[in-house]
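Please treat every number below as a calculation from the coordinates, not as lab data. These numbers were taken from a predicted model, which means no experiment stands behind them. Note: ideal-geometry Cβ built from the backbone for every residue, glycine included; neighbour counts use all protein chains shown.
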Amino acid sequence: MKSTALGTLVLALLVALSITAQEQAELAVDEIVVQLREGPVPVPPPIESDQPTATAGEAGEEEAPPVDAATEPPTDAPPKSDVLKFHLMDGTIITGKLTTQAIPVKTEFGKLIVPIDAIQSFAPGLASHPEIDQKITQLINELGSPDAKKRDKAQAALQSYGPGLIPELQRFANDPDAERKVRIATILEELYSVSDDEFDAEQGPALSMFRLDQIVTEQFTVAGNIEQSTFNIKSKFGELVVKLQDIKGVERVRGDSHEIRKIVEISGTDMTCRAYKKTGIRVNRGDRIIISSDGRITMSPWGSNSVSGPDGIPQNGMYINNIPMGALAGRIGDSGEEFLVGSKNSFVAKKSGVLQLGFAMQANWANYQFPGKYETRIRVVPSQ
């Protein structure tokens, strides 16, 4: 009997050890199911110990800081304005907020819905301005007119549109008409050598000469056909409705008051009679520009003892516009009016463009050496 009982016990142990891991897992699941049916599983009380409990830091883990849901992370990004400025074809400017939340655009790759919040600016292309499109097409055709005067007049008219017309003219670069092809090539050569600043409008952006509408966002530019024909604008004069074809361009009003500060060195080689030095600062019409400058430049033609400061030396002659020779001069854009900056000046920009500075000097003294430099501090306060 004892041997039989012992054998039975050994056999039971062998059977228990032969249970596979999968069978053990199934038994564990069955046990959990039974416990859930019978009620909540009692939680054993914590085991008291004389050993101190390890903190998260002592255990090698970083302790997470408390989270305050009401506190937003700080950001250095300037606040974004939701106000847009509409420049119309007749010169009217409307400032306000759009009632729509997005603009649908049909592109080569499908339809896009561009959120208003992401748009920096947009401009209808020639396809949205059929009258101007027809006028340009007519002028291009007249380049091949049998009347020489008509050809010359059409060429001058096309060239007056400025560098913005280059993309449209390039479509006709291989025109089958020999006369038109030659004249288009001549116009393109002239426009390639002209800075865009020469054609900056006094008020607002220049008319877009691209065939498709252009929408500039924070990340990329969308080219296509804006499918929205009218825009409802909430302005201080009430809600206004503007047609797409009446819009020249739209830009977002800057919602920040961040100033631009920069130091630029103007040397004796930056002569106004040669080429102004571009500061790299683009100003907008209405911005206040504050400039202070100091330094010395030797006026070699008048002797090594003749030294000029930013205010110039009137007794050495005048440049233009009552700007003394040797003075610090400025202009906005390549075709902007030249004016005296001097050692201190504060003014409001009358047009948009790149601020340029130079050492006032007439062309007949351009081959002389003028050692020295003016250190110029520029501050631009954006218009509100």
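Listing for the model above:
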{"quantity": "Prolate/oblate/rounded label for segment 130-199 (Cα gyration tensor, a/c 1.5)", "calculated": "prolate"}
{"quantity": "Rel. contact order, % - alpha carbon contacts under 8 angstrom, at least six apart, segment 260-381", "calculated": "45 percent"}
{"quantity": "Rounded if a/c under 1.5, otherwise prolate or oblate - segment 91-147, Cα gyration tensor axes", "calculated": "oblate"}
{"quantity": "Segment 102-193: chymotrypsin sites (Phe, Trp or Tyr not before Pro) in DSSP loop, at most 14 other beta carbons within 10 Å", "calculated": "F109"}
{"quantity": "Pairs beyond 23 Å (Cα-Cα), from K344/K373; K262/K350; K135/K351", "calculated": "K135/K351"}
{"quantity": "Ranked list, fewest to most other Cβ atoms within 10 Å of each Cβ, for S229, S308, S383", "calculated": "S229, S383, S308"}
{"quantity": "Proxy reagent accessibility, fewest Cβ within 10 Å first, across V216, V241", "calculated": "V241, V216"}
{"quantity": "GluC sites (Glu not before Pro) lying in DSSP loop within segment 319-384, provided at most 14 other Cβ fall within 10 Å", "calculated": "E337"}
{"quantity": "Segment 95-184: trypsin sites (Lys or Arg not before Pro) in DSSP coil with no more than 15 other Cβ atoms inside 10 Å", "calculated": "R171"}
